[in-house]
Amino acid sequence: MGINGNISTMSLAEVFQWLQTGQKTGTLHLEGINGVKKEVYFRTGYIVSATSNDPREFIGQFLLYTRRINEQQLTEALNKQKRDHVLLGNILVQKGFLNKDELSRVLHSIVEEVIYDLFLWKEGQFEFKDDDMPDRELPEMQLDITHIVLEGATREDEWCRINKIFPNELAVVRPNVDKIYQQLPLERGVARLLLLVNGSRSLYELARLYRATRFQVLKAMLELYSAGLVEVGDYRPQLIQTTVAGKTDPLKDMLLDVEGLMNGGKLADAEMGIAKLEEIAADNPDVRKLREAIKEKRLETTARELINPNATPTLNMAMDQLTKMELSPEQGFLVSRINGVWDVKSIVKISPFGETVCLKILKKFLDDGVIVLK
């Protein structure tokens, strides 16, 4: 028997415990409100693996964050994966970048990170499908539900503490030099993180430069804050100062990152990025503008995927219905050319406003039931 619902009404801990008690085998599908999708795989009530479409939780990024491989090694492995269609982890072992034990530990850590992040979701749809397991090879692990639930609850509490100190990932922190001097020598990891704290970098930038997960960096920053080694700056005036001085603007960097993802065709990643930006700067006009650009790009991409250039559009409405619709000049032009004889590419060819506009209009007509494609 399967189960489905929303995390806001049935907690993840309850779902996991139900699956453990029933010794279930199958896949738990989850989708958050920001478009992140995850799958957790169960065998006889134990978690055996998990996957995510969040780029921050990909094995390659995790290995970079934890400094187990470098950019060149990852690029080399990804190129081989693209050619040979082999699991990235296996390629890293074949090339000697990792040994089998290291790969096993890494996969175990990634699966845990994917799952622990779920405990921070306040809303999201879930569905468990009995006996639905992927065809591909899964890592050999058995994660105990009780341990996962307890650790997930602990991390949730940690995030509450973090959010009380740091308003969001655009918050800037600065070093407290006097306190740092008093506590010398510092542990190597602490010293490495403090070297990046310069009073103008945001937490977002620090996580990217330190190459660790958001949770790891923010928890470390909370510990530094509690020890008095760093102080929280007000990021808004600092953004103004850095702009005047020609320094880095964290919000601008995030916007450029998301725009780069959009222009590179990575729309799912761009949509997740803009969702994060809207959480911390919803009223920013550049954020709203980029959101609209991503929507347009998604519409264009979907239109190209759905509309066969050789298909023939045919009106699916009576003319009196069409005359009551408020059509733009471009829409009116296309409607007048839809005669049940010309195919899409022929209509595009005679259109004065280009293929992209034509396909977007045809997609809208298709969604609204104005036309059908034959």
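The values are calculated or read from the model by the stated rules, or taken from the named source; none is laboratory data. The structure displayed is predicted, hence computed values, not measured ones. Here the Cβ is made from the backbone with ideal geometry for all residues, glycine too, and neighbour counts use every protein chain on show.
So which residues in the stretch 3-47 are closer than 16 Å to residue 146 by Cβ, in a strand (DSSP E or B) and out of contact with any Lys or Arg (no Cβ under 7 Å at 6 or more places or on another chain)? Lay out the reasoning, then the answer.
Of the residues in the stretch 3-47, the ones closer than 16 Å to residue 146 by Cβ are 11-24, 40, 42, 44-47.
When the remaining residues are screened for being in a strand (DSSP E or B), the result is 40, 42, 46-47.
Matches in the stretch 3-47: 40, 46, 47.
The set of residues in the stretch 350-366 being farther than 15 Å from residue 311 by Cβ and not in a loop (DSSP other than H, G, I, E, B) consists of 350, 354, 356, 357, 360, 364.
Within the stretch 331-339, identify whether any single residue is in a loop (DSSP other than H, G, I, E, B), more than 30 Å from residue 204 (Cα to Cα) and either among the aromatic types (Phe, Trp, Tyr) or touching a Pro at 6+ places or on another chain (Cβ under 6 Å) (or both), and answer yes or no.
Just the residues of the stretch 331-339 that are in a loop (DSSP other than H, G, I, E, B), to begin with: 338-339.
Filter again for more than 30 Å from residue 204 (Cα to Cα), leaving 338-339.
From the residues that got through so far, the ones that are either among the aromatic types (Phe, Trp, Tyr) or touching a Pro at 6+ places or on another chain (Cβ under 6 Å) (or both) too are 338.
Within the stretch 331-339, one or more residues are in a loop (DSSP other than H, G, I, E, B), more than 30 Å from residue 204 (Cα to Cα) and either among the aromatic types (Phe, Trp, Tyr) or touching a Pro at 6+ places or on another chain (Cβ under 6 Å) (or both).
So for the stretch 168-188 (the condition being of a type in the set (Lys, Arg) and modelled with pLDDT of 85 or more), does at least one residue qualify? Within the stretch 168-188, one or more residues are of a type in the set (Lys, Arg) and modelled with pLDDT of 85 or more.
Of the residues making up the stretch 172-225, those that are of a type in the set (D, E, K, R) and closer than 18 Å to residue 61 by Cβ number 4.
Residue pairs whose Cβ atoms lie under 8 Å apart, separated by 6 or more positions or on different chains, with the first residue in the stretch 190-216 and on the phi > 0 side of the Ramachandran plot and not assigned by TED's automatic domain parsing to the domain that holds residue 254 and the second of a type in the set (Lys, Arg) and surrounded by fewer than 19 Cβ atoms within 10 Å (Cβ to Cβ), are 199/174; 211/67. Test residue 368 against the criterion of being outside the structural domain of residue 34 (by TED's automatic domain parsing), more than 30 Å from residue 208 (Cβ to Cβ), at pLDDT 80 or above and exposed (fewer than 15 other Cβ atoms within 10 Å of the Cβ), and give yes or no. The answer is yes for residue 368.
Residue by residue, here is whether (1) touching a strand residue (DSSP E or B) at 6+ places or on another chain (Cβ under 7 Å); (2) under 30 Å from residue 45 (Cα atoms); (3) of a type outside the set (A, V, I, L, M) holds:
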position: 151; (1), (2), (3): no, yes, yes
position: 154; (1), (2), (3): no, yes, yes
position: 161; (1), (2), (3): no, no, yes
position: 170; (1), (2), (3): yes, no, no
position: 179; (1), (2), (3): no, no, yes
position: 184; (1), (2), (3): no, no, no
position: 187; (1), (2), (3): no, no, yes
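From 24, 82, grab the single residue that is over 21 Å from the mean Cα position of the chain (by Cα) and loosely packed, with under 15 Cβ neighbours inside 10 Å. Matching residue, one of 24, 82: 82. Just one of the listed residues (268, 303) is within 27 Å of residue 205 (Cα to Cα) and modelled with pLDDT under 80, namely 268.
Here's the yes/no breakdown for (1) touching an Asp or Glu at 6+ places or on another chain (Cβ under 8 Å); (2) loosely packed, with under 15 Cβ neighbours inside 10 Å; (3) assigned to a helix (DSSP H, G or I):
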site: 184; (1), (2), (3): no, yes, no
site: 193; (1), (2), (3): no, no, yes
site: 205; (1), (2), (3): yes, no, yes
site: 208; (1), (2), (3): no, no, yes
site: 215; (1), (2), (3): yes, no, yes
site: 221; (1), (2), (3): no, no, yes
site: 224; (1), (2), (3): no, no, yes
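Note on the stretch 124-167: among residues that are farther than 30 Å from residue 230 by Cβ and aromatic (Phe, Trp, Tyr), the one that is surrounded by the most Cβ atoms within 10 Å (Cβ to Cβ) is 128.
When 92, 107, 78, 63 are screened for being without any contact (Cβ under 8 Å) to a residue 24 or more places away in the chain and assigned to a helix (DSSP H, G or I), only 78 passes.
Taking residues in the stretch 268-296 that are in the same structural domain as residue 32 (by TED's automatic domain parsing), and partners anywhere that are surrounded by 13 or more Cβ atoms within 10 Å (Cβ to Cβ) and assigned to a loop (DSSP other than H, G, I, E, B), not one pair has Cβ atoms closer than 7 Å while being at least 6 places apart or on different chains.
Residues that are farther than 19 Å from residue 130 by Cβ and touching a residue at least 60 places away in the same chain (Cβ under 8 Å) within the stretch 1-30 comprise 6, 7, 8, 13, listed in sequence order. Which members of the stretch 318-359 meet the condition of being more than 40 Å from the chain's Cα centre (by Cα) and touching a residue at least 40 places away in the same chain (Cβ under 8 Å)? If the condition is that a residue be more than 40 Å from the chain's Cα centre (by Cα) and touching a residue at least 40 places away in the same chain (Cβ under 8 Å), then 322 is the only one that fits.
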